[in-house]
1. Testing Leu94 on (1) hydrophobic (A, V, I, L, M, F, W, C); (2) closer than 24 Å to Tyr331 by Cβ; (3) open to solvent by less than 10 Å² (accessible area, probe 1.4 Å), one condition comes back false. Which one is that?
2. Kindly provide the set of residues from region 54-63 that are surrounded by fewer than 24 Cβ atoms within 10 Å (Cβ to Cβ) and more than 13 Å from the chain's Cα centre (by Cα), ordered by number.
3. If I ask for residues that are in contact with a strand residue (DSSP E or B) (Cβ under 6 Å, 6 or more places away or on another chain), among the aliphatic types (A, V, I, L, M) and under 16 Å from Ile32 (Cβ atoms), which ones from region 246-280 would you list?
4. Taking only region 67-88 into account, find how many residues are crowded, with 24+ Cβ neighbours inside 10 Å and in contact (Cβ under 8 Å) with a residue 40 or more places away in the chain.
5. Does region 97-135 hold any residues that are open to solvent by 60 Å² or more (accessible area, probe 1.4 Å) and polar (S, T, N, Q), and which are they?
6. Which ones in region 301-323 are surrounded by fewer than 18 Cβ atoms within 10 Å (Cβ to Cβ) and among the aliphatic types (A, V, I, L, M)?
7. Can you pull out the residues in region 304-328 that are among the polar types (S, T, N, Q) and touching a residue at least 40 places away in the same chain (Cβ under 8 Å)?
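The values are calculated or read from the model by the stated rules, or taken from the named source; none is laboratory data. Keep in mind that this is a model prediction, so the values were computed, not measured. Using ideal geometry, Cβ is built from the backbone for each residue, glycine included, and neighbour counts are taken over all protein chains shown. Quick note on the areas: whole protein, heavy atoms, side chains included, nothing else; ligands and nucleic acids left out. Shrake-Rupley method; radii C 1.70, N 1.55, O 1.52, S 1.80 Å.
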Amino acid sequence: MKSMFRRAMVALGALALLTGAAAAQTKQKVSIAVGGAGCLCYLPTVLAKQLGEFDKAGLEIELINFKGGSDALKAVIGGSADVVSGYYDHCVNLAAKGQSLQAFVVYDRFPGMVLAVSPESGKDIKSVKDLAGKAVGVSAPGSSTDFFLKYLLAKNGLDPSSASVVGIGLDATAVAAMEHGKVNAAVMLDPAATLLQNKFKDFKILSDTRNQKDTLDVFGGEYPGGALYTRADWIAKNEATVQKLTNAIVATLKYIHSHSPEEIMAKMPEDLVGADKALYLAALKNMMPMYSSTGLMDPKGAQAVLAVFSQSVPEIAKANIDLSKTYTNKYVEAAAKGM
């Protein structure tokens, strides 16, 4: 009897292993191109993976890190990644060029971008108008940081191309470029911006969109930042997968708004937090108001993006873009009903 019992237990164990393996095999693989995983603006995507929310949704996620949003976008357009975790404004920009991209869950209410002056150039640059003829760092040419710079130049009466754009990445490379005077100013994101703020007492910020007040001052309204987006044809062919991705991000946003920055930091990968945990925590606290609590796109926010781009990119002003095709809220609404 004991022998029979042992054989039965072994058989059950083997069956459980096979069942587990089969379950793992049924998870759909999805690759997400991230425009700079170390940037806190993209934290909800990384955190969703760390919390296991993608796993719970039945997805096997590969996060592919790029130095800027424009590079992440190229990966999806070229077919080497499925979805972008990047700024929604690319959907508007590409619509003017006849390419149909659609955001399906928005996780940043504000852009979180900071236009700051390098420590060496602090005495020479007092305002945005002083950037004419200067070298200004952005994550990558054609990225959202680049568009932000061009908008601010145009808003201040300058030609959008009056500053020389230099790609410096978003994290350590951006900090090094600013510290060593390789650029006169830069559009940065946290934690890099907070690091320089803490290190240099006279660190000069010309524009800051990490909170609602400053975002309203710059754009005249809320301005959506990070989102999951991809080609509209991919969404049409993979609606069940899009819903699972949305469910995972919406659940993560709920986690963010029900836990402390310290608890959130503890869940993030060590290599992204870095050795200076106090710095990371300070930067995260600066960014907390930026994260959406719902995942929904505010139509007025989408309109603000179009208005900004229309000022700095003539092709967009002439394109007669149908904004309703650049985003959808239906997956977020469905996710909310299911929770």
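1. Every listed condition holds for Leu94 apart from (3).
2. Keep residues of region 54-63 that are surrounded by fewer than 24 Cβ atoms within 10 Å (Cβ to Cβ), which gives 55-63.
The answer is Asp55, Lys56, Ala57, Gly58, Leu59, Glu60, Ile61, Glu62.
3. To start, the set of residues in region 246-280 that are in contact with a strand residue (DSSP E or B) (Cβ under 6 Å, 6 or more places away or on another chain) comprises 246, 249, 256.
If we keep only those that are among the aliphatic types (A, V, I, L, M) too, we end up with 249, 256.
Ile249 - this is the single residue of region 246-280 that is in contact with a strand residue (DSSP E or B) (Cβ under 6 Å, 6 or more places away or on another chain), among the aliphatic types (A, V, I, L, M) and under 16 Å from Ile32 (Cβ atoms).
4. The initial filter retains those residues of region 67-88 that are crowded, with 24+ Cβ neighbours inside 10 Å, namely 68-70, 72-73, 83-88.
Retained after the next criterion (residues that are in contact (Cβ under 8 Å) with a residue 40 or more places away in the chain): 68-70, 73, 83-88.
Residues in region 67-88 being crowded, with 24+ Cβ neighbours inside 10 Å and in contact (Cβ under 8 Å) with a residue 40 or more places away in the chain: 10 in total.
5. Scanning region 97-135 gives Gln99, Ser100.
6. Within region 301-323, Ala307, Ala317, Leu323 qualify.
7. Selection gives Gln311, Ser312, Thr326, Thr328.
Residue by residue, here is whether (1) in a helix (DSSP H, G or I); (2) at pLDDT 90 or above holds:
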{"residue": "Ala24", "(1), (2)": "yes, no"}
{"residue": "Lys29", "(1), (2)": "no, yes"}
{"residue": "Ala37", "(1), (2)": "no, no"}
{"residue": "Ala48", "(1), (2)": "yes, yes"}
{"residue": "Glu60", "(1), (2)": "no, yes"}
{"residue": "Lys67", "(1), (2)": "no, no"}
{"residue": "Ser70", "(1), (2)": "yes, no"}
{"residue": "Gly86", "(1), (2)": "no, yes"}
